[in-house]
Amino acid sequence: MKMKKTNNLLVVDDDSNICLNLKDILFEDGYKVKGVGTLKQAEKELINNFYNVVMLDLKLPDGDGITLIKKIKRINKDIVVIMFTGYASLESSIAVLNEGAFAYLQKPINMDELRIIIKKGLNLQKLSMDNLQLLAKLKELSLKDPLTDLYNYRYLRERLFAEFKRAKRNGSSLSIIMIDIGYFKSINDTYGHQFGDLILKEFAKWLSDAVRVNDVVVRYGGEEFLLILPDTDQKGSMTFGERQLAILKEKVFDSKGKKIKLKISMGISSYPENGVNTESTFLNSVDQALREAKDRGGNNLYVYGGISKRYLNNIIEKPGKETISKLKEKLHKMKNRVNQTLLESIYAFARAIEAKDCYTCEHAECMVSIVIQIGKELKLSNKEIESLKHAATLHDLGKIGIPDKILHKRTKLTKKEYEKIKKHPQIGAEIIRCIHFLESVVPAVLYHHERFDGKGYAKGLKGKDIPLAARIISVADVYQALTSDRPYRKAFKEEEAMKIVKEGIGTQFDPDVVKSFIRTIEKQKKKGKGICKKKF
């Protein structure tokens, strides 16, 4: 709230002489003063006008001043309240100050003392109001993207929650559109990040001008933007999106300089058409729609493909082979999309281990490279190699259940600690066991610490009884661990690591897998690359 330039003072006292005297004296000091004689008159004044300071008597004809203090603090807690009384006592002083009075003066009033108290109170009030304005400004800034001046992701979650709640309560429509500027990295690489920022600002301005007053434009992150369109159904959002895409295909950005056209992808999700029931699933659905639009090559709009009631009604009303075929195709696409989303979530979960075990992220990335090359050397099918990739990424997933103090320990593990470490394959297997499309990955995760001689864990399997994928993961896991810095030792050189792996042939490792691994390394060396240099 802004303070008035003239400080307004209200005197509440049933003694009209006190009101007039204070009014005359304080007017000379530059204050605007009004006097009233009852609580009722004071309440009316405070509701209709702003006062910086209220000076009131403890005893009034229609009540006591403490009652008025409570009402004043409900109206505006920053109003400075100064209490007067001719009947001072320790108990009344404490009661008045506890209710929020700034000061407590005994009648007859010492004007010099009153002037000092008013000045101190006004200074404190100004400081409080300045702080409130600063906090409001800081909050606004915390909800805004500093580059584009659009709202940011934090604001998006708050606003989307509110809009979604309103739409469900009122039975109204709500749509969101996620927008991505394609190949934006090439703009930054070609013209520099400073120019890229200018284009983002220009695009943000264009978006803001394109929407309605009650629509919300958010910079979602990087070169992604999101629009919240209240009271807009799927058809309306599609019409809007298609119109903007048509404009963008022709629009030139930086028209006075480099004249750039942008390639835009849009994803749309709508409530209630798409069956989303929380703001999180709403965001996930529009994100999936955007990815589909991008997969189609950009300059494209895609509506989230959940099966709507209208779609089901059409299937029911038009039975036959053709509609059954369409439904099967729809369900297949949805299954693949759900599988992909679930897999990404599990991968994100696996990456969370990086916070617990600092080398795990790089470790898993290199593991994927190694197992793919071994798999190709062993002439495995594409499906088997795909399972190997998942297993390599997820093989240490179970470490999420191992205490940090054990994972980060720099000295030798105790027997008890080692027993806990040995549980991570089972933990990882249990996490993914219930996911149908990852069932082929479970054995590799569960048995990747088995040894060819039967002395490993978790089940003590031996030789070819150990699943092939687990035998491959075992070799890749040990080699990559040996060539990485660990909390308790420095990384081995590649030659030293290979020597250790070869020494494990027939005891720790499957001879055929190790031979295939050696061949992949030799092939990579001929190409001038290390085993983990190439990313898959």
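Here is a list of conditions, (1) farther than 21 Å from Pro230 by Cβ; (2) surrounded by 17 or more Cβ atoms within 10 Å (Cβ to Cβ), and Asn123 meets all of them except one; can you say which number that is?
Only one criterion is unmet by Asn123, namely (2).
For residues that are exposed (fewer than 15 other Cβ atoms within 10 Å of the Cβ) and among the β-branched types (Val, Ile, Thr), tally how many sit in the stretch 46-74.
Of the residues in that region, 2 qualify.
Out of (1) assigned to a helix (DSSP H, G or I); (2) out of contact with any helix residue (DSSP H, G or I) (no Cβ under 9 Å at 6 or more places or on another chain); (3) not hydrophobic (A, V, I, L, M, F, W, C), what's the single condition that is false for Asn214?
Condition not satisfied by Asn214: (1).
Can you tell me which residue among Asp197, Asp189, Asp180 is assigned to a strand (DSSP E or B), over 15 Å from Tyr151 (Cα atoms) and of a type in the set (Asp, Glu)? Before the answer, list the steps.
Numbers: Asp197 fails: assigned to a strand (DSSP E or B); Asp189 fails: assigned to a strand (DSSP E or B).
Going through Asp197, Asp189, Asp180 in turn, just one is assigned to a strand (DSSP E or B), over 15 Å from Tyr151 (Cα atoms) and of a type in the set (Asp, Glu): Asp180.
In the set Ile473, Ile466, which member is within 37 Å of the chain's Cα centre (by Cα), among the β-branched types (Val, Ile, Thr) and at pLDDT 90 or above?
Values: Ile466 fails: within 37 Å of the chain's Cα centre (by Cα).
Of Ile473, Ile466, the one residue that is within 37 Å of the chain's Cα centre (by Cα), among the β-branched types (Val, Ile, Thr) and at pLDDT 90 or above is Ile473.
Sort out for me the strands (runs of 3 or more DSSP E) sitting completely within the stretch 1-95 that have 2 or more residues that are without any contact (Cβ under 8 Å) to a residue 40 or more places away in the chain. Break it down stepwise before answering.
Details: elements: 8-12, 32-36, 53-57, 80-85.
By residue number, 32-36, 80-85.
Which count do you get for residues in the stretch 491-526 that are within 17 Å of Leu468 (Cα to Cα) and not in a helix (DSSP H, G or I)?
Total meeting the criteria: 7.
Of all residues in the stretch 220-262, which are in contact (Cβ under 8 Å) with a residue 40 or more places away in the chain, over 19 Å from Ala293 (Cα atoms) and either not assigned by TED's automatic domain parsing to the domain that holds Leu301 or not β-branched (Val, Ile, Thr) (or both)?
Result: Leu229, Pro230, Asp231, Asp233, Lys251, Phe253, Asp254, Lys258.
So which pairs qualify, if the first residue must be in the stretch 472-494 and closer than 27 Å to Glu384 by Cα and surrounded by fewer than 21 Cβ atoms within 10 Å (Cβ to Cβ), the second must be among the aliphatic types (A, V, I, L, M) and modelled with pLDDT under 80, the Cβ gap must be under 9 Å, and the two must be at least 6 apart or on different chains?
Filtered contacts from the stretch 472-494: Thr483/Ile531.
Which residue pairs have Cβ atoms closer than 7 Å, lie 6 or more positions apart in sequence or on different chains, and pair a first residue in the stretch 398-426 that is without any contact (Cβ under 8 Å) to a residue 12 or more places away in the chain with a second residue that is part of a helix (DSSP H, G or I) and surrounded by 14 or more Cβ atoms within 10 Å (Cβ to Cβ)?
Pairs that qualify, where the first residue is without any contact (Cβ under 8 Å) to a residue 12 or more places away in the chain and the partner is part of a helix (DSSP H, G or I) and surrounded by 14 or more Cβ atoms within 10 Å (Cβ to Cβ), are Leu413/Ile406; Leu413/Ile421; Glu417/Ile406.
Might you check whether a residue that is more than 26 Å from Asp295 (Cα to Cα), among the hydrophobic types (A, V, I, L, M, F, W, C) and surrounded by fewer than 20 Cβ atoms within 10 Å (Cβ to Cβ) occurs anywhere in the stretch 188-204?
Yes, that holds for at least one residue.
The values are calculated or read from the model by the stated rules, or taken from the named source; none is laboratory data. Since the structure is predicted, the reported quantities are computational estimates derived from the model, not experimental observations. Methodologically, a virtual Cβ is constructed for each residue, glycine included, from the backbone with ideal geometry; neighbour enumeration extends over all protein chains shown.
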